[in-house]
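The values are calculated or read from the model by the stated rules, or taken from the named source; none is laboratory data. This one's a predicted model, so the numbers in the text were calculated from it and none came from an experiment. Every residue, glycine as well, gets a Cβ built from its backbone with ideal geometry; the counts of neighbours run over all protein chains shown.
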Amino acid sequence: MLIEWLIPAKTDNASKLNNSNLASIRLRTAIGASAVSEAGCINQFPDGYVGPSPHVIVVGKIDNISDPRRAERWINRLISQKYSAKIIIDYTDHHLARHTENARFYRTVLSLCDHVVCSSRMLVQNLALHYKGPTTIIEDPIEVPIQAPKPKKNTVPTALWFGHGSNIPYLIDFLCNTYSYQNPARLIAMTNLYPLPEDLTTILRKPNLENLEINVLPWSREDMIQAANLADMCWIPAGVTDPLKSGASSNRLLTALALGLPTAADSLDSYLPFSNIYLDLRSNEIMNAIKNPEPLFEKVKIAQNVISKNYTGASIRKKWVSMIKEEAQKDNKSFEKNTKYIFS
């Protein structure tokens, strides 16, 4: 069975997806594609260009900036395959909450699709106003080794932040409007938006940040693991009031905890099952915690036990295979027998 993945990259080498700087590709497409490949399927990644007709198309996160013609190309591809392929949308940000090119794209493809996958419960709820078809929740897996928490003995308390460039406004808002620690401290900020544009560095020249040393570094998985070995804790301002991001997955929180870091975060809906594990980022506790994180180590270990059982690549791959198998076999007798053989 041929599975087509629409992502903003045309490649014949699926292994390259594991090193993408886009989490939507690493944690969604790469995981799903490797899972169905292990189940006996063939994958293709044509970025909407003409190719062999697939049995299933999975629509990943659109990027109209790097290629302004991509949305039109993907839509035409989906229309051309609508009556021969099952169409599944992987919906990981609530684009329909805004009036943008991305919102127009998703409104169109929702009218063409057979199934929607979301990365959180909140996204399913948000989507219900726009889509009445079947949905499945498949969380993001962690992509780092689970490391026991340990004291770092830093002379200057050190926090870690990591995130896609789209999350930087929430970090800046926290630093400029909430951060109030007056003693020396350090922040390691890791992002794909590197170097940080000058207009953003200018915004950070605030009196309340004079004693905060901010080190912005390019994100990579390996460097993030090394940075976690230097940091006392992690901060996650999460855009909880932004409809686009309020349905984000729990991945950043779980990644921080897997790395052994006591964490202070905004309370996204997907974080609530861990609400007794992390600190409220807006509370006064966070600077006491960064100076003395060890009392939080037992809570981190509790979270790591849950993560190891439910959020590894192996457990998430099973969900992708199950969802695609179920959708592929619906109302399609022409290859029902074939899919039963492949997924048996």
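Some values worked out for this structure:
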quantity: Where residue 172 falls short, out of the listed (1) in contact with a helix residue (DSSP H, G or I) (Cβ under 7 Å, 6 or more places away or on another chain); (2) in the same structural domain as residue 25 (by TED's automatic domain parsing); (3) of a type in the set (A, V, I, L, M); calculated: (2)
quantity: All helices (runs of 4 or more DSSP H) inside the stretch 221-309 with 2 or more residues being modelled with pLDDT of 95 or more and buried (at least 21 other Cβ atoms within 10 Å of the Cβ); calculated: 221-228, 251-258
quantity: Criterion violated by residue 211 - all others in (1) surrounded by fewer than 23 Cβ atoms within 10 Å (Cβ to Cβ); (2) closer than 20 Å to residue 20 by Cβ satisfied; calculated: (2)
quantity: Hits in the stretch 1-40 (condition: under 21 Å from residue 53 (Cβ atoms), touching a residue at least 40 places away in the same chain (Cβ under 8 Å) and assigned to a helix (DSSP H, G or I)); calculated: 29, 32, 36
quantity: Any pair with Cβ under 9 angstrom, 6 or more apart, that starts in the stretch 151-174 at a residue that is part of a helix (DSSP H, G or I) and ends at one that is among the polar types (S, T, N, Q); calculated: 165/191; 165/192; 167/191; 168/191; 171/191
quantity: Scan of the stretch 232-249 for residues that are among the hydrophobic types (A, V, I, L, M, F, W, C) and under 16 Å from residue 278 (Cα atoms), ordered by number; calculated: 233, 234, 235, 236, 238, 240
quantity: Top-ranked residue of the stretch 214-254 - restricted to ones that are of a type in the set (Val, Ile, Thr) and touching a strand residue (DSSP E or B) at 6+ places or on another chain (Cβ under 8 Å), ranked as nearest to residue 97 (Cα to Cα); calculated: 236
